[in-house]
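Note sheet for the following structure.
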Amino acid sequence: MKETKNSFISGACSRRDVLRTGAISVVGLALSGCALTEPEKATPQTTAQALPPPAGPLRSAGVLAFGPGNVLFVGDIQSSAVHAFALRDEDLTPQTDVELGNFHNFEGRDLVQGIDQKLAAIMGTTYDEIVVNDMAVHEVTQQIFISVERGRGTDAIPAIVKVNHGNLEVLDTENIPHSQVSIPNEPDENSMLEFEPQSTYAITDIKYYKGEIFVTGILNQRFASTLHRIPYPFNSQAATCTVEIWHPVHGEFETRAPIIRQLIREMDGEPYLFAVYGCTPLVRFPLSSLTDGAHVRGDTIGELGYGSNPLDMMIFNDPFAHKEYLLVTIDDRSASRIAVSICV
């Protein structure tokens, strides 16, 4: 089997910066709720405010996902871990009364204006020192949670910020019931993937499905692209397999390129993991093949554009077409919509 060098990053642009830029853009689009009564002018923050509350066990704040029982999973690359915070009633504020606009005439409402300035204010810095890494919505309360970091290095200060009726509030993770699981074999900071340390991609996504979390990223091994299946509540059992794909544009199999976004969907009674990579293959894996120690080759079912970087992926039902679609948002073009019926 040929191991090939992944080349999904074009030019000298950091792919992590692309994802972070995309994340703040997605926040601006997705925070559609009640409009402020009077538009606020975004004025640069030049004076540092007080630091946010301590981040508890977090050393970094990356990808987010919700599980059962109000559990918020947070990827923490600096700690080589995934954290599970069991949110309490006082940690959640229902947003079900927020007006989201009208889908039928494509009308939206701004929930937070000048979000970069407001994040900077609560993090005690200027907007250009704020990094937004991910966003997740608590399904029952419809409250939005954002993973944020002040700074861009290993000493960045992490925080989880929630949106409450147009206001931003830092979640005090120090006192929330908590558990965590280690992610083994994190890449050495000296190991590079194109223009960045491989450790940047140690944890690229988390999804919960039927008692397990699925964690994608890169390990410090020959077949670097890896997927972990970890039972929740956490215990000592975990399954780790390596994955590879055929990249049509590059014309080769790739074993280093990490999965950037994933979701799990049952088709004809069998669960599949759908994954999107940089530059931008769409791939599927039967969950039954993702066993401990396996090396799995995914089925490439689509190519979404040379030189592109995926931002997110979701399933939605189109009320006009009465069909279910897979939607992949991309950094340099409009989103790609693929009918779920043709994915298997």
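The values are calculated or read from the model by the stated rules, or taken from the named source; none is laboratory data. The structure displayed is predicted, hence computed values, not measured ones. Quick reminder, even Gly has a Cβ in these numbers, built from the backbone with ideal geometry, and neighbours come from all protein chains shown. With ligands, DNA and RNA removed, areas are computed over all heavy atoms of the protein, side chains included. Shrake-Rupley method; radii C 1.70, N 1.55, O 1.52, S 1.80 Å.
Can you name the condition, by its number, that V243 falls short on among (1) touching a helix residue (DSSP H, G or I) at 6+ places or on another chain (Cβ under 6 Å); (2) crowded, with 22+ Cβ neighbours inside 10 Å; (3) not charged (D, E, K, R)?
(1)
Tally time: how many residues in the range 302-344 are β-branched (V, I, T) and in contact with a helix residue (DSSP H, G or I) (Cβ under 8 Å, 6 or more places away or on another chain)?
2
Need pairs with beta-carbon distance below 6 Å; first residue open to solvent by 40 Å² or more (accessible area, probe 1.4 Å) and within the range 208-232, second part of a loop (DSSP other than H, G, I, E, B) and of a type in the set (S, T, N, Q); sequence gap 6+ or separate chains.
N220/N185; F223/T255
What number of residues within the range 197-207 are open to solvent by less than 10 Å² (accessible area, probe 1.4 Å) and in contact with a Lys or Arg (Cβ under 6 Å, 6 or more places away or on another chain)?
Here the count works out to 1.
Do you know which residues across the range 150-178 are outside any strand (DSSP E or B), open to solvent by 30 Å² or more (accessible area, probe 1.4 Å) and of a type outside the set (S, T, Y)?
Across the range 150-178, the qualifying residues are R152, G153, D155, H165, D172, E174, N175, P177.
How about the range 69-124: which of its residues are farther than 23 Å from D155 by Cα, in a strand (DSSP E or B) and either touching a Gly at 6+ places or on another chain (Cβ under 8 Å) or not hydrophobic (A, V, I, L, M, F, W, C) (or both)?
Within the range 69-124, A86, N102, E107, D110 meet the criteria.
I'd like to check something: does the range 257-267 contain any residue that is modelled with pLDDT under 90, on the phi > 0 side of the Ramachandran plot and in a loop (DSSP other than H, G, I, E, B)?
no
Is the range 130-144 home to any residue that is over 30 Å from P68 (Cβ atoms), open to solvent by less than 10 Å² (accessible area, probe 1.4 Å) and either of a type outside the set (D, E) or in contact (Cβ under 8 Å) with a residue 12 or more places away in the chain (or both)?
Here is the first cut: in the range 130-144, the residues over 30 Å from P68 (Cβ atoms) are 130.
Those left that are additionally open to solvent by less than 10 Å² (accessible area, probe 1.4 Å): none.
Checking the range 130-144: not a single residue is over 30 Å from P68 (Cβ atoms), open to solvent by less than 10 Å² (accessible area, probe 1.4 Å) and either of a type outside the set (D, E) or in contact (Cβ under 8 Å) with a residue 12 or more places away in the chain (or both).
Picking from V140, V181, V132, which residue would you name as being part of a strand (DSSP E or B) and either closer than 30 Å to V112 by Cα or at pLDDT below 95 (or both)?
V132
Out of (1) open to solvent by 20 Å² or more (accessible area, probe 1.4 Å); (2) of a type in the set (D, E, K, R); (3) modelled with pLDDT under 90; (4) over 25 Å from I338 (Cα atoms), the odd one out for E252 is which?
The one condition E252 does not meet is (4).
Sort out which residues of the range 203-223 are in a loop (DSSP other than H, G, I, E, B) and within 11 Å of R261 (Cα to Cα), and write them in order of number.
Once the filter is applied, which keeps residues that are in a loop (DSSP other than H, G, I, E, B) and within 11 Å of R261 (Cα to Cα), the range 203-223 yields I203, T204.
Quick check on L273: is it within 19 Å of the chain's Cα centre (by Cα), without any contact (Cβ under 8 Å) to a residue 40 or more places away in the chain and surrounded by 16 or more Cβ atoms within 10 Å (Cβ to Cβ)?
No; evaluated as a whole, the condition is false for this residue.
Within the set of pairs 6 or more residues apart or between chains, which connect a residue that is under 17 Å from V74 (Cβ atoms) inside the range 165-179 to a residue that is in a loop (DSSP other than H, G, I, E, B) and among the hydrophobic types (A, V, I, L, M, F, W, C) with Cβ atoms less than 7 Å apart?
T173/A55; T173/L58; I176/L87; S179/F234
Could you list, in sequence order, the residues of the range 255-265 that are over 13 Å from T226 (Cβ atoms) and open to solvent by less than 40 Å² (accessible area, probe 1.4 Å)?
Of everything in the range 255-265, those that are over 13 Å from T226 (Cβ atoms) and open to solvent by less than 40 Å² (accessible area, probe 1.4 Å) turn out to be I260, R261, L263, I264.
Would you pick out the residues in the range 287-344 that are in a loop (DSSP other than H, G, I, E, B) and of a type in the set (V, I, T)?
T291, V344
Output the number of residues of the range 113-129 satisfying the condition of being within 22 Å of L311 (Cα to Cα) and open to solvent by 20 Å² or more (accessible area, probe 1.4 Å). Show your work before the answer.
Going through the range 113-129, the residues within 22 Å of L311 (Cα to Cα) turn out to be 113-116, 119, 127-129.
Still in the list and also open to solvent by 20 Å² or more (accessible area, probe 1.4 Å): 113-114, 116, 127-129.
Count: 6.
Sort out which residues of the range 304-344 are surrounded by fewer than 18 Cβ atoms within 10 Å (Cβ to Cβ) and among the charged types (D, E, K, R), and write them in order of number.
Across the range 304-344, the qualifying residues are D318, K323, E324, D332, R333, R337.
Within the range 292-299, is even one residue on the phi > 0 side of the Ramachandran plot, open to solvent by less than 30 Å² (accessible area, probe 1.4 Å) and either of a type outside the set (F, W, Y) or free of Cβ contacts under 8 Å to residues at least 40 places away in the same chain (or both)?
The answer is no; no qualifying residue exists.
When you scan the range 277-287, do you find a residue that is at pLDDT 90 or above, aromatic (F, W, Y) and either open to solvent by 60 Å² or more (accessible area, probe 1.4 Å) or touching a Pro at 6+ places or on another chain (Cβ under 8 Å) (or both), even just one?
Yes, because at least one residue in the range 277-287 is at pLDDT 90 or above, aromatic (F, W, Y) and either open to solvent by 60 Å² or more (accessible area, probe 1.4 Å) or touching a Pro at 6+ places or on another chain (Cβ under 8 Å) (or both).
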